[in-house]
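J.: Quick one: structure below, then a few questions.
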Amino acid sequence: MEKHLARVLAKLKITYGTSDPFRLCDYLNIDLRYMDMKQHPLGKTAWMLGESIILLDESIRDDSRRYFVCAHELGHFFDDKGFAGFYVANQRFKDISEREADRFASNLIFSLYVEEHGEEPSMIQELSAEYGYPIDGQYYLTK
C-alpha cells in the first residue's frame, strides 16, 4: 500500500500544486464541516449518497492539530472509499486503515512543510508545532 499512497501523494501535488489538506479538499470537492464530536474522535470521514464528507471536531478549528487530522481523514478517502461498512465490521481492517491514513497524513504534512518553508524540517517538533503532527508519528514518514 505504501507505493499506492506515494503515487497518490505525488499525483495530488502535481495536479493541484499543493499539499495543504484543506486546499485539497476544496479542489476535490470534499465537503469539510466542523461539528461538536465531544473531542472523540477529532475527525471522521463519511460517505453519504456517494458524496465524501470530512468532519472535524469543533475543538480543533483554531488548533494546529486540524492539519494533521484533516490530512488523516483525507487519507481515508484515498485508502478505503467504498469500504465504510467493512471498516466498521472488521477490527483488523480498521487497524490497517488507520495506520495507512496516518502514513498518508504524515507524508502529506511533511510535504506541506517543505512547500511552505522551502526545506525539510530539522526536527519533528516543527511539524508538531505548525501542523499538529503527533511526535510518535515519525515512524510513518517515508522519504
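J.: If you rank 124, 109, 30 by fewest surrounding Cβ atoms within 10 Å, what's the result?
T.: Fewest-to-most ranking of 124, 109, 30: 124, 30, 109.
J.: Please state the shape class of region 2-140: rounded when a/c is under 1.5, otherwise prolate if a/b exceeds b/c and oblate if not, all from the C-alpha gyration tensor.
T.: Since a/c stays below 1.5, the shape of region 2-140 is classed as rounded.
J.: Moving on to the next point. Report the calculated FRET efficiency for residue 51 and residue 129 (r = Cβ-Cβ distance, R0 = 25 Å), to the nearest 0.05.
T.: E between residue 51 and residue 129, to the nearest 0.05, is 0.15.
J.: Next question, about the same structure. On a full-extension model of 0.36 nm per residue, what is the gain between residue 114 and residue 2, subtracting their alpha-carbon distance, rounded to one decimal in nm?
T.: Working it through step by step, the gained length comes to 38.3 nm.
Throughout, read-outs are computed from the coordinates displayed, never taken from laboratory work. Since the structure is predicted, the reported quantities are computational estimates derived from the model, not experimental observations. Using ideal geometry, Cβ is built from the backbone for each residue, glycine included, and neighbour counts are taken over all protein chains shown.
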